[in-house]
Structure formats: structure tokens, C-alpha cells
1. When you check LYS25 against the structure, is it touching a residue at least 12 places away in the same chain (Cβ under 8 Å), in a helix (DSSP H, G or I) and over 24 Å from LYS95 (Cα atoms), yes or no?
2. Which members of segment 102-124 meet the condition of being closer than 20 Å to CYS90 by Cβ and assigned to a loop (DSSP other than H, G, I, E, B)?
3. Residues of segment 43-56 being open to solvent by less than 70 Å² (accessible area, probe 1.4 Å), without any contact (Cβ under 8 Å) to a residue 40 or more places away in the chain and touching a Phe, Trp or Tyr at 6+ places or on another chain (Cβ under 7 Å), which ones?
4. When the residues of segment 111-168 are narrowed to those that are among the β-branched types (Val, Ile, Thr) and within 29 Å of VAL71 (Cα to Cα), which ends up surrounded by the fewest Cβ atoms within 10 Å (Cβ to Cβ)?
5. What pairs can you find where one residue is in segment 122-133 and modelled with pLDDT of 95 or more, the other is exposed (fewer than 14 other Cβ atoms within 10 Å of the Cβ) and not in a helix (DSSP H, G or I), and their Cβ atoms are less than 9 Å apart, with a gap of 6+ or different chains?
6. Mind telling me which of the residues TYR91, TYR67, TYR10, TYR60 ends up being assigned to a helix (DSSP H, G or I), buried (at least 17 other Cβ atoms within 10 Å of the Cβ) and touching a Leu at 6+ places or on another chain (Cβ under 8 Å)?
7. Among the residues of segment 129-142, is there at least one that is closer than 27 Å to LEU83 by Cα, out of contact with any His (no Cβ under 7 Å at 6 or more places or on another chain) and not in a helix (DSSP H, G or I)?
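The values are calculated or read from the model by the stated rules, or taken from the named source; none is laboratory data. Quick caveat: nothing in here was measured; it's all calculated off a predicted structure. We place every Cβ from the backbone using ideal geometry, glycine too, and count neighbours over all the protein chains shown. For the accessible areas, the whole protein counts, side chains as well, though only heavy atoms, and no ligand, DNA or RNA atoms are used. Shrake-Rupley method; radii C 1.70, N 1.55, O 1.52, S 1.80 Å.
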Amino acid sequence: EALFLTGNSYEIENKWDSALTQYKKIIKEYPLTIKGMEIPIYIAQHYKIKYQPDKMITAYQEAIAHYKTLVNKYTNSPLSFNLDSLIAQCYVEMKDWQNAINAFNNIIETYKAKVNLDGILMQIALIYDKELNNKPKAKETLQTLLKDYPRSRLINRAAALLKEWDKK
């Protein structure tokens, strides 16, 4: 936390290079803490806010590589689900829709017996619909949600979307 606050102070003083040094130190020395897992995305979002798309993409790619390294190191731990979710989030932020779907599908395959995945299925369906203009895959994904999670809090929304799409 102290390293983050130091980095934040540098950031407030417009000393991004010094802040980045502190943030990278957190990533290296405390990768499994909440801050350690949040910082790679925080760095990418800094570049997004500053309208530096090339640096943003590079930062997200570095975040993905970092998270994948940790997933490989801590496979089958409760931490790996969070890391895989962060990988998917990075792809979504980069608007890399196919890799986002692949990352979400990896989460489904890896954790389907352990975690409720209805929210991930909804995200996949919405990406297929809104970003990839693939209604058949969106419908198929929502039908899987309805079949696999009949008690989901998203069941009404999924059914409404299917009904709406069938009208078009």
C-alpha cells in the first residue's frame, strides 16, 4: 500500500516515470496481493485516460503476460480464477473480441464445476451480438445460459433478449 501511495504521489506531481517505477515494483514484489493484481490494469487505464493508445495496448499485453505467468504458477488455486478473469477483462478493454471470447471460454472449461458462470455466458452473448454481429452465436450462448443455469439472476434478461432477437 505504501508503494502505491508513493506512486500515486508521483502521479499527482506529473512524474509518471517515477510512479511507474513504484507500480512495477508492486507487480514484481507483491504480485499476489489485491494491489499487485490490480496495478497492471491500472497502468493500462492510465494510458487510456491520457489518450496514448499504443502504450495502453502494450500495457494490457504486458498485463496479460503477467497474469498468464501467475496462472501457470498457481494452477488450480482459487487465485487462478481471478487471474483468468483479469486476462479476459484485458482483452475486453483492448476490444480484442475474439480473444476475449476465447478467454471467457477457457474460464468456462476450467471452472464450470466450481463456479457459477452465468455472468460470463451473458458477457459472451453480448460480445457476439454487439461487437461481432453474430446473432446465431449470441442466441446459442444465451440458450446455454438458460439450460445450464435455470435459477440464474440473469434468466429473465436472457429470455427477454432471445425473444427480442427472434422478433428481428
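1. Criteria met by LYS25.
2. VAL115, LEU117
3. Result: ILE43, MET56.
4. Per the criteria, the residue is VAL115.
5. These pairs meet every condition: GLU131/LYS95.
6. Step by step, each of TYR91, TYR67, TYR10, TYR60 is checked, and only TYR67 is assigned to a helix (DSSP H, G or I), buried (at least 17 other Cβ atoms within 10 Å of the Cβ) and touching a Leu at 6+ places or on another chain (Cβ under 8 Å).
7. If we filter segment 129-142 for residues that are closer than 27 Å to LEU83 by Cα, which is where we start, we get 129-132, 137-138, 140-142.
Those left that are additionally out of contact with any His (no Cβ under 7 Å at 6 or more places or on another chain): 129-132, 137-138, 140-142.
The next check asks that each one be not in a helix (DSSP H, G or I); those that pass are 132.
Yes.
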